[in-house]
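Notes for the one structure printed next.
The values are calculated or read from the model by the stated rules, or taken from the named source; none is laboratory data. Owing to the predicted nature of the structure, the values given are computational and were not obtained by experimental measurement. Positions of Cβ are backbone-derived with ideal geometry, glycine not excepted, and every protein chain shown enters the neighbour counts. SASA here: full protein model, heavy atoms, side chains in, ligands and nucleic acids out. Shrake-Rupley method; radii C 1.70, N 1.55, O 1.52, S 1.80 Å.
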Amino acid sequence: MTAQADHADPHGQTGRAGLFVEIKDVDLAYGEDAESLAVQGLNLDIREGDFVAVVGPSGCGKSTLLKLVTGLMPPTQGAVYVDGNRVNGTLSFVGMAFQNPTLLPWRNTLRNIMLPLEIVEPHRSRLRREKVAYLEHARNLLRTVGLAPYESKHPWELSGGMRQRANLCRALIHDPRLLMLDEPFGALDAFTREELWCVLADLRRAKQLTVVLVTHDLREAVFLADTVYVMSSRPGRIVHSRRVDLPGTRTLETCYEPAFVDIVHELRGHIERVRCDGPQGIADVPTA
Amino acid sequence: MSPLRKNLERFSPVIVTVAMFVAWEAVARLAKIPSYILPPPSEAVMAGYEFAGPISKHALQTLYTTLAGFGLAVVFGLLVGVIIGSSKLLYRAFYPILIGFNSVPKVALVPLLVIWFGIGTVPAIITAFLISFFPVVVNVATGLATIEPELEDVLRVLGASKLTILLKVGIPNSLPYFFASLKIAVTLAFVGSVISETVASNAGIGYLMMSASARFNVPLVFAGLIVIAAMGIGMYAIFATLEKRTTGWAFRS
Ligand SMILES: Nc1ncnc2c1ncn2[C@@H]1O[C@H](COP(=O)(O)OP(=O)(O)OP(=O)(O)O)[C@@H](O)[C@H]1O
Ligand SMILES: [Mg+2]
């Protein structure tokens with residue numbers, strides 16, 4: 001830890017105390033020139049156990065944000081800290097799920113959701129010896145999302161909503177501390193989507209997860225999250241954050257209460273603004 | 001589906017095949033085409049019956065060279081396919097050469113093979129190998145390259161190595177492509193072995209047809225053709241069944 005003092009980076013290898021995820025002045029360019037910046041001057045702090053939603057216009061860098069936090073992509077500038085350590089490579093205590101469920105067609109539901117256990121240590125080396133316990137664990141998880149009767153079905157025998165439930169289970173099977181969701185319900189019909197909101201809210205409550213949800217659906221964001229962040233259009237950065245301080249446990253009825261609708265309205269206003277203003281902060285881009 | 005339609009679908013291959021032979025027979029007989037130009041199928045069958053001994057001996061030889069070449073193509077095709085399919089760099093590096101090899105007409109290589117290995121079995125096996133190798137490589141490589149990027153992200157976050165992703169996802173994902181290529185490759189292998197036998201061999205159906213046509217025994221030539229076609233259909237059917245059995249999941253989604 002003494003080496004930290006003479007480290008060039010004022011922040012060193014450790015983040016600020018008390019924060020689970022800290023994104024600090026991050027730029028990310030997909031190409032060489034400044035024009036290819038996907039996110040610029042990105043700052044975001046997440047405490048452990050928080051449920052954070054990120055909204056913003058299409059192409060603003062929301063998926064990029066997820067890739068930065070999970071270590072799939074290193075920042076061009078700045079640093080990302082998760083659980084106190086600078087992100088450098090991928091993090092196996094993260095679970096991820098995308099809009100496309102990407103279940104393996106040759107595996108049944110149970111074996112599909114157990115895939116991460118065959119990869120992540122320590123499960124990987126224990127899996128064979130403690131097969132019974134792991135099967136029990138997987139079946140329990142399937143039960144909580146209502147998929148228990150479908151454990152031996154293959155993906156093509158499941159509906160879109162069921163596949164997405166299985167996808168969530170696969171992201172959670174190794175008991176991650178951080179769940180990253182990229183528009184997980186984007187391709188579902190409105191009823192199924194609302195059903196899955198409740199499934200996700202229950203899962204999160206039961207497991208004390210930290211969740212980052214990227215979505216286009218403002219109602220979804222307000223319903224699920226503790227804090228909603230609005231990103232500017234490309235190059236993306238956080239332009240607004242809104243704490244969702246609705247009292248009590250939220251139910252689908254909550255979506256029709258004036259306080260809820262007000263927050264959705266307010267966020268919509270912010271999105272409209274960033275879309276009309278065009279890329280914000282483009283003036284700060286150093287000319288090459 | 002009505003039962004009539006179901007039956008029609010089931011027997012349609014037989015119906016079409018029989019109809020083709022009937023039409024051929026009718027045209028050859030009604031137009032009085034001399035049998036040294038286009039013999040009716042009945043004559044070809046008669047010739048086949050008459051020369052059943054030599055035909056089966058040569059057919060076995062052709063089957064042997066074909067399957068040997070095909071076997072090599074499967075082994076090396078899988079190997080090369082996995083290698084170039086799992087590395088962008090190698091894919092880029094080797095693709096032009098593979099295309100080049102595939103574009104060379106294999107018949108043009110036979111004289112070269114004869115210089116190197118003499119006439120007979122070896123050039124036939126190698127020609128069969130060369131012609132059936134490419135579809136296996138391309139299909140295996142394609143199967144590996146079509147892994148969904150999101151799935152790769154999900155697994156990479158968990159710390160999966162390239163090898164793990166290849167074993168858990170890449171190879172199973174490419175199996176349907178691989179088995180689909182087998183049925184194509186095996187029919188191509190027949191093309192290769194027969195070409196080589198007609199040019200540079202003293203055994204095999206290709207050789208038999210060559211020598212029969214030199215003696216103007218055109219019905220025997222056609223008998224040879226029918227035997228090759230039958231073997232091709234048989235092998236295709238075997239590998240199509242194998243494909244369904246092993247990768248049935250790929251046909252349902
Ligand atoms: N692999 C890549 N190579 C080059 N540019 C990329 C790549 N991935 C994303 N981009 C660009 O970076 C920007 C941000 O992409 P990102 O996928 O993070 O957007 P997003 O906010 O998730 O969009 P959406 O809401 O449509 O999913 C986009 O303008 C996109 O064109
Ligand atoms: Mg996205």
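Of the residues B:Phe178, B:Phe190, which single one is within 14 Å of chain A (Cβ to nearest Cβ) and of a type in the set (Phe, Trp, Tyr)? The match here is B:Phe178.
Which residues, taken from the range B:92-119, are among the small types (Gly, Ala, Ser) and farther than 21 Å from B:Leu79 by Cβ? Before the answer, list the steps.
At the first step, the residues of the range B:92-119 found to be among the small types (Gly, Ala, Ser) are B:93, B:100, B:103, B:108, B:118.
Within the range B:92-119, B:Ser103, B:Ala108, B:Gly118 meet the criteria.
Just the residues that are open to solvent by 10 Å² or more (accessible area, probe 1.4 Å), over 17 Å from A:Ser159 (Cα atoms) and not in a helix (DSSP H, G or I), please, taken from the range A:120-146. A:Glu121, A:Pro122, A:Leu127, A:Arg128, A:Arg129, A:Glu130 - these are the residues of the range A:120-146 that are open to solvent by 10 Å² or more (accessible area, probe 1.4 Å), over 17 Å from A:Ser159 (Cα atoms) and not in a helix (DSSP H, G or I).
For (1) more than 19 Å from A:Ile46 (Cα to Cα); (2) at pLDDT 85 or above, each residue gets a yes or a no:
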site	(1), (2)
A:Met231	no, yes
A:Gly236	no, yes
A:His240	no, yes
A:Arg243	no, yes
A:Ala259	yes, yes
A:His265	yes, yes
A:Ile271	yes, yes
A:Gln280	yes, no
A:Thr287	yes, no
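Considering each residue of the range B:236-249 in turn, none proves to be open to solvent by 30 Å² or more (accessible area, probe 1.4 Å), within 14 Å of another protein chain (Cβ to nearest Cβ) and outside any helix (DSSP H, G or I).
For the range A:30-54, a residue qualifies if it is part of a strand (DSSP E or B) and within 9 Å of ligand 1 (Cβ to nearest atom), and the qualifying residues are A:Leu37, A:Ala38, A:Val39, A:Val54. Reported count of residues in the range A:55-83, each being assigned to a loop (DSSP other than H, G, I, E, B), within 16 Å of ligand 2 (Cβ to nearest atom) and not β-branched (Val, Ile, Thr), is 8. Restricting the range A:96-113 to residues that are under 20 Å from the mean Cα position of the chain (by Cα) and of a type in the set (A, V, I, L, M), the residue that is surrounded by the fewest Cβ atoms within 10 Å (Cβ to Cβ) is A:Leu103.
Taken over the range B:24-40, the residue count meeting the criterion of being open to solvent by 50 Å² or more (accessible area, probe 1.4 Å) and assigned to a helix (DSSP H, G or I) is 3.
What is the residue count in the range A:63-79 for residues that are within 15 Å of ligand 1 (Cβ to nearest atom) and within 14 Å of chain B (Cβ to nearest Cβ)?
If we filter the range A:63-79 for residues that are within 15 Å of ligand 1 (Cβ to nearest atom), which is where we start, we get A:63-70, A:72-76.
Keeping just the survivors that are within 14 Å of chain B (Cβ to nearest Cβ) gives A:63-70, A:72-74.
Qualifying residue count, the range A:63-79: 11.
Taking B:Val74 as the residue in question, decide whether it is surrounded by 12 or more Cβ atoms within 10 Å (Cβ to Cβ) and over 27 Å from the mean Cα position of the chain (by Cα).
Judged against the criteria, B:Val74 is not a match.
Assess whether B:Glu43 counts as being open to solvent by 60 Å² or more (accessible area, probe 1.4 Å), in contact with a Pro (Cβ under 8 Å, 6 or more places away or on another chain) and among the charged types (D, E, K, R). Spell out how you get there, then give the answer.
Details: open to solvent by 60 Å² or more (accessible area, probe 1.4 Å): yes; in contact with a Pro (Cβ under 8 Å, 6 or more places away or on another chain): yes; among the charged types (D, E, K, R): yes.
Judged against the criteria, B:Glu43 is a match.
Of all residues in the range A:84-112, those satisfying the criterion of being in a loop (DSSP other than H, G, I, E, B), without any contact (Cβ under 8 Å) to a residue 40 or more places away in the chain and more than 10 Å from every other protein chain (Cβ to nearest Cβ) are A:Val87, A:Asn88. Looking only at the range B:197-216, count every residue that is crowded, with 20+ Cβ neighbours inside 10 Å and not in a helix (DSSP H, G or I) and tell me the total. Final tally of qualifying residues: 2. Of everything in the range A:147-163 that is within 14 Å of chain B (Cβ to nearest Cβ) and either outside any helix (DSSP H, G or I) or of a type in the set (Gly, Ala, Ser) (or both), the residue that is least open to solvent (accessible area, probe 1.4 Å) is A:Leu158.
This table checks each residue for (1) more than 27 Å from A:Ala38 (Cβ to Cβ); (2) in contact (Cβ under 8 Å) with a residue 24 or more places away in the chain.
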| residue | (1), (2) |
| --- | --- |
| A:Asp175 | yes, yes |
| A:Phe191 | yes, no |
| A:Asp202 | yes, yes |
| A:Val230 | no, yes |
| A:Gly236 | no, yes |
| A:Arg250 | yes, yes |
| A:Tyr256 | yes, no |
| A:Val261 | yes, no |
| A:Arg275 | no, yes |
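The one condition from (1) among the aliphatic types (A, V, I, L, M); (2) farther than 30 Å from A:Met96 by Cβ; (3) in contact with a Leu (Cβ under 7 Å, 6 or more places away or on another chain) that B:Val138 does not meet is (3).
Only a single criterion out of (1) at pLDDT below 90; (2) among the aliphatic types (A, V, I, L, M); (3) open to solvent by 90 Å² or more (accessible area, probe 1.4 Å) is not satisfied by B:Met20, namely (1).
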